[in-house]
Amino acid sequence: MIDVELLRKNPQDFQESLKNRFIKTDYIEQFLGVDKKWREIITLTDQLRAQKKDLSTDFNTAQTNQEKIKNISAQISTKEKELANLEKQRKEFLSRIPNLLSKDVPIGEGETANTVIKKIGEDRQVEGISHDQLMTKLGWLNTEAAANTTGARFRYLLSEAASTHLKLVSKAQQFAINKGFVPVITPVMAKSNLLEAGGFFPDGEEDTFKVDEDLYLSGTSEYLLVGLYAGKTLKAEDLPIRLVGFSTCFRKEAGSYGKDTKGMFRVHQFDKVEMVSICKKEDSEKEHQFLLSMQEEFVSSLNLPFQVVLIGSGDTEKKAIKRYDIETWFPGQNKHRETHSVSNCTDYQSRSLGIKVKKVDATEFAHTLNGTLYTERTLLALIENNQTPDGKVNLPND
RNA sequence: GGAGAGGUCGCAUAGUGGACUAGUGCGCCGCACUCGAAAUGCGGUAAAGUCGCAAGACUUUCGUGGGUUCAAAUCCCACCCUCUCCGCCA
């Protein structure tokens, strides 16, 4: 959630953010209208409540003022109904107003402004066949059986692919532990209020499997990791808190029908090792670069060619002020594809979740960041990049 | 799944309708004493919202949501969570 006070003071900044993200609405004006009314009525209601309190301090006073009290109670009740309605509208707008964009984010609609800022290992680019053909032939992947047992866009990982996957999960986790991250195994399900506070709902709901009343399979452990600190006031000297989570992730992939239908590049269920950092506000840009460097180092350690992309305004999710993607080379697709992303959410999540930092002279909201360290897509990149002309794959042993 | 107990300020605990403006202890912060510390003494110690330049005022919050009442931490209803015992079960 954005800072309402900031919005009241500088609505033009938020207008610009919406414009640059190519979201065409007049949310800001509508919100400010509702907010103004809400403030007026809250002031009125509080005054009425105070009056009522004064009139019923004890039984005798209450008896004497019976009529007045009834009258005020009726007024309060009317105002409370109005307030509830306005509050609902306020919340609805707030859940949709995106974070301000960082100044260095290139402006452009959709993915048009995404900018490659670094290429690593370009010379190793080779052509080859897709992970799907390779793995199916080697008996490492079975999507047909998965379609029978479970449905489309699920996978069985088998043999070397399965064991290498587990090794890489472990390797990624250990890599982060060595850098001081705390390993966490999170729940895979979350309540709607967590996903909303995390900045994913309401828009993200259509991409999420619902398993029970107000219970969803999370598409990433990010929300669960950040949620671990919900409602906590942290000591400045304990920051940054760096977590490396592991979870199986579930995504409906709504709106991507027909995209990446072969193999397991885009599936409903996959495992992910995720980094989350909670830090002081003055450190979040530095922390963002640090998480990116973690990703670069890890992907480099697997000897994979990749490029780093600074994501443009139209493609940056609402909770983030800036995002980088790592796109790894996929010889079978003959292009770079997203395997990692890392976002700075500043105080957007911590404000909703109540994650604060106690400093000497003030308590303020922490900043949160999240980034991928390893997913099954990285395994696919590794397989495609290590294929031999005879249709075999030489996977690294360590 | 069955039976019972419970959820109060960072932690522990008191509080069974108006005196709760939530007490007490611990912790924490400040001050005094001290070369310094411990101990001791004194004072302070929640969050959120609205109004206000500010000082401050007011409101809300005792697991959550409803209800009863002039008045709810306290009574009623529903739900959530924790613990104990029984049953079942990786």
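Structural remarks
- Residue within region A:55-67 that is surrounded by 15 or more Cβ atoms within 10 Å (Cβ to Cβ) and touching an Asp or Glu at 6+ places or on another chain (Cβ under 7 Å) present: no
- Among the candidates A:N65, A:N114, A:N85, A:N99, residue that is of a type outside the set (V, I, T) and within 11 Å of RNA strand B (Cβ to nearest atom): A:N65
- Listed by position, the strands (runs of 3 or more DSSP E) inside region A:297-398 whose residues that are in contact with a helix residue (DSSP H, G or I) (Cβ under 8 Å, 6 or more places away or on another chain) and on the phi > 0 side of the Ramachandran plot number at least 2 form an empty set.
- The set of residues in region A:29-47 that are among the polar types (S, T, N, Q) and either within 8 Å of RNA strand B (Cβ to nearest atom) or in contact with a His (Cβ under 6 Å, 6 or more places away or on another chain) (or both) comprises A:T43, A:T45, A:Q47.
- Listed by first and then second residue, the pairs with beta-carbon distance under 7 Å, at least 6 apart or on different chains, first residue in region A:70-88 and free of Cβ contacts under 8 Å to residues at least 60 places away in the same chain and β-branched (V, I, T), second in a helix (DSSP H, G or I) and near RNA strand B (Cβ under 9 Å from one of its atoms), are A:I72/A:L48; A:I72/A:Q51; A:I72/A:K52; A:I76/A:T45; A:I76/A:L48; A:I76/A:R49; A:I76/A:K52.
Listed here are the residues, each with its yes/no results for (1) modelled with pLDDT of 85 or more; (2) of a type in the set (D, E).
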site	(1), (2)
A:D58	no, yes
A:Q63	no, no
A:Q66	no, no
A:A74	yes, no
A:K79	yes, no
A:E92	yes, yes
A:P106	yes, no
A:K118	yes, no
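- When region A:3-28 is limited to residues that are within 12 Å of RNA strand B (Cβ to nearest atom) and in contact (Cβ under 8 Å) with a residue 40 or more places away in the chain, the one that is surrounded by the fewest Cβ atoms within 10 Å (Cβ to Cβ) turns out to be A:V4.
- Out of A:M275, A:M294, sole residue that is closer than 17 Å to A:Y223 by Cα and either surrounded by fewer than 19 Cβ atoms within 10 Å (Cβ to Cβ) or in contact (Cβ under 8 Å) with a residue 40 or more places away in the chain (or both): A:M275
- Flag if A:Y257 is surrounded by 14 or more Cβ atoms within 10 Å (Cβ to Cβ), hydroxyl-bearing (S, T, Y) and either part of a loop (DSSP other than H, G, I, E, B) or out of contact with any Cys (no Cβ under 7 Å at 6 or more places or on another chain) (or both): no
- When A:K286, A:K259 are checked against the criterion of being in the same structural domain as A:T186 (by TED's automatic domain parsing), within 16 Å of A:G371 (Cβ to Cβ) and of a type in the set (D, E, K, R), A:K286 stands alone in meeting it.
- Residues considered: A:S352, A:S341. Of these, the only one that is closer than 21 Å to A:R266 by Cα and either at pLDDT 95 or above or polar (S, T, N, Q) (or both) is A:S341.
- Answer residue from region A:231-261, given it is under 20 Å from A:V184 (Cβ atoms) and small (G, A, S) and is farthest from RNA strand B (Cβ to nearest atom) among those: A:G245
- Within region A:48-60, being closer than 14 Å to A:E80 by Cβ and near RNA strand B (Cβ under 6 Å from one of its atoms) holds for one residue alone: A:R49.
- Only listed residue being small (G, A, S) and within 26 Å of A:T378 (Cα to Cα), chosen from A:S218, A:S192: A:S218
- Selection status of A:I97, outside any strand (DSSP E or B) and of a type in the set (V, I, T): yes
- Matching residues in region A:351-398 - criterion: being more than 16 Å from RNA strand B (Cβ to nearest atom) and either of a type in the set (D, E) or free of Cβ contacts under 8 Å to residues at least 40 places away in the same chain (or both): A:E376, A:E384, A:N386, A:T388, A:P389, A:D390, A:N394, A:N397, A:D398
- Only strands (runs of 3 or more DSSP E) whose full extent lies in region A:123-224 are considered here, and the ones with at least 2 residues that are in contact with a strand residue (DSSP E or B) (Cβ under 9 Å, 6 or more places away or on another chain), surrounded by fewer than 20 Cβ atoms within 10 Å (Cβ to Cβ) and modelled with pLDDT under 90 are A:210-212.
The values are calculated or read from the model by the stated rules, or taken from the named source; none is laboratory data. Here the structure is a predicted model, which means the values were calculated and not measured. With ideal geometry, Cβ positions are generated from the backbone for all residues, glycine too; neighbour counts draw on all protein chains shown.
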